[in-house]
Every structure is written in structure tokens, then in C-alpha cells.
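Presented below is the structure to which this report refers.
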Amino acid sequence: MDEGITKRSEILKNVQMGVGTWAWGDRLFWGYGREYSDDDLQKAFLVSVQKGIDFFDTAEVYGQGKAELLLGRFLKEFEGEVKLASKFMPFPWRLNKKSLLRALNKSLKRLGVSQLDIYQTHMPAPPITLETWMDAMGEAYQAGLIKAIGVSNYNREQLQRAYEALSRQGVQLASCQVEYSLLNREIEQNGIKQLCDELEICLIAYSPLAQGLLSGKYTFEQPPHGIRGRQQNRNYLERIRPLIIEMRRIGADHAGKPPVQVALNWLISKGAIPIPGAKTEEQAFQNAETLTWSLTAEEVKKLDQISAQIHEVKSEK
Ligand SMILES: NC(=O)c1ccc[n+]([C@@H]2O[C@H](COP(=O)([O-])OP(=O)(O)OC[C@H]3O[C@@H](n4cnc5c(N)ncnc54)[C@H](OP(=O)(O)O)[C@@H]3O)[C@@H](O)[C@H]2O)c1
């Protein structure tokens, strides 16, 4: 276990992993409606909650509201309790605090709930200062519309400022959502992870499977379809092969666990909460199975080394 383990906010105290919903309703990037259906997503939702994964991350912009609508529908039919995190997009035409409260109310309506567990700013974006959004978040918190506040895609300085802006209102910044995986360890280098540890801000790791690459199913010969295939060039898939081989070897030592579970367990060992996207029942099931086992310290170290060789990142300590 990493020495600098991120401490948990109250809301996320017992949460080890969540489910990401960017693909729920997104046609352009993920192929919703062609490669998977609402029925697939509902099954992914149900198998997740049945297996104890009850934290869902969404955003007003995912599928232009469709992800929140689907999640709301699945929740209504499920009739059980889950933890919901959504995000506010600071579009340049959103110029004052009221626009955050309006967006929040729309998200609540689409989700069919009266309160969110976490509301996050999706990214920093001028012209409005992040302090303005933190003030608006504070108001939503005081009004009981949200239980906790998070940020996403902030750099170290912005994270510190958000923390201080909320502290002035007597509120703890609960979470910081950033890209983090065996193929992207930037936050170990740029001070974000260290600051989260110091300030007890919960680290939520997005794209924990590097958008499917860490499943090991994509190769030089078989790259992903669509935009992802163009982004992740085939030479890169060749470069990450030694890591995938090691992940398979480690998985084999744990009764044949797949690479996705190795990738997610590596993040958990770092004190982060991974939120893998799942489009089908099978994917959600496989991801949830991660919590049935864990990596040894030696295995974490080996994965650290091999992933560092790919990106020439220096190890954290
Ligand atoms: N805050 C932000 O700016 C931000 C940005 C990005 C993401 N996020 C959040 O993070 C979540 C996760 O990130 P992500 O969706 O970008 O990427 P990811 O979780 O790294 O990858 C998800 C993709 O991997 C594949 N996959 C998932 N489980 C699998 C399994 N068990 N076996 C094989 N393949 C599997 C699926 O795609 P294929 O089957 O098509 O390969 C799935 O759509 C998002 O849904 C969203 O909630 C936030």
C-alpha cells in the first residue's frame, strides 16, 4: 500500500470504486446506440449495484444530458440507494453564480433526486474565476442541494485555491477528479496527488482503463474503432505491450484475473477511487470483481516499474 494514501471524505469514506457514465448516451466518441443499447446500460447499472458498487459519476454534458436521464430512469426502477456525483460545465456563456444553481437544478431533475452526493466543477475555464464557482457551490451546499463539493481537471495551484475558497466558507473540498491510470501518472509528478494526500481530498481516478487500452483487447493489429483508434496510434499500442504482458502474468497468479482488474487494483493500492466506464453487464461485472482480491506490494512495485519505463516517469518516492 502506498504510504501517501489519500484519506477519505465522509461521503466517499467507504467507497473503493465507482462507475463512470460518460459513454451512457454518447454516440460520437463511444458509439452509444450502435455498439450498445439502453438495455445493456441498465444491466451494467444493475450488476454494479448488486455487486456493491453504488457510486456513479456523471455530468450534465455526457450525452448532452442523456447520461443523467438514463441514470435517473435506472434509479427509479431500482428503487434503492446509490451515491451520485455530477458535474457543472463552466461554459463561457455562464457568467454568474446563478448559472451554477440553474445547471444543478436541471441535473437534479434529470436524475430524479433532490440532492447530489457530490457536485463537481468539470474543469477550470475562463472568464469566471474558480472562486466564483466555489461560492456558488457553497450556496448549493448550504441550501442542502449537495452533500459535498468536488473539482475536476484543476492543476495544483487551482486545487489549492478551490480548497481555500471553500475553507473560507467552512466547507472541506471533498474530491479531486483527474485522469490517473497505469498509462497516465502525471498527478504523481505535478503535485496533485501529494496535495490531495496533504489536504485529505479524495482522489477520483478517471479513465482508469486508459479508455479501454488497459483491458489488453486492443493491439497493433486490432486498434479501437472510431475516434479512439485515431487518438491511440498503433505504435503506442505496441509500446504498451510489455505492461499488458505483465498485467496478464500477475492476473494469472491470482487465478486468472483479467488485466482490467489489475489496472483497477493498482489504482486502489494508490489510494485512488477508480470510476471505470462500463457499457455492458459483462464489463460492469468484470470491473466489480476487482474488489474480490488485491495486489501484493511486490506486484504494485513491478507495475510501477514497467509503467514508468513506458512513460519514463520517476517513481513517487
Ligand atoms: N472529469 C473528466 O473530465 C472526465 C474525463 C473522462 C472521463 N471521466 C469519467 O471517468 C469515467 C471513466 O473514464 P472513461 O470512460 O474515459 O475510460 P475508462 O474507464 O478508462 O474506459 C472505459 C472503456 O473501457 C472499456 N471497458 C470497460 N470495462 C471493460 C472490461 N471489463 N473489459 C474490457 N473493456 C472494458 C469500454 O470500452 P470499449 O469496450 O469500447 O473498449 C469502456 O467504455 C467516465 O465514464 C467519466 O465518468 C471524467
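The values are calculated or read from the model by the stated rules, or taken from the named source; none is laboratory data. Just so we're clear, the structure is a prediction, and the values are computed from it rather than from any experiment. As a convention, Cβ positions derive from the backbone with ideal geometry for all residues, glycine included, and neighbour counts pool all protein chains shown. Ligands, DNA and RNA are stripped out before the accessible areas are found, and what is left, the full protein with its side chains, is counted by its heavy atoms. Shrake-Rupley method; radii C 1.70, N 1.55, O 1.52, S 1.80 Å.
Brief remarks follow.
- Filtered trypsin sites (Lys or Arg not before Pro), region 233-269: DSSP coil and at most 10 other beta carbons within 10 Å: none
- Most to least packed among 40-50, 265-275 [average Cβ atoms within 10 Å]: 265-275, 40-50
- Equivalent-ellipsoid semi-axes of region 41-112, from the Cα gyration tensor, Å, largest first: 26, 11, 10
- Solvent-accessible area per residue for the chain (1.4 angstrom probe, square angstrom): 45
- Between helix 66-78 and the chain: long-axis angle, C-alpha atoms, 0 to 90°, nearest 10: 90
- Kirkwood hydrodynamic radius of the chain, from inverse mean 1/r over distinct Cα pairs, in Å: 19.9
- At most 13 other Cβ within 10 Å, DSSP loop - chymotrypsin sites (Phe, Trp or Tyr not before Pro), region 68-155: Trp93
- In Hz, Karplus ³J(HN,Hα) per residue of region 255-265 (6.51, -1.76, 1.60; θ = phi - 60°; x = Gly, Pro): 6, x, 6, x, x, 4, 6, 5, 4, 6, 5
- Among Lys13, Lys257, Lys302: highest mean-square fluctuation, GNM of the chain, C-alpha pairs under 10 Å: Lys13
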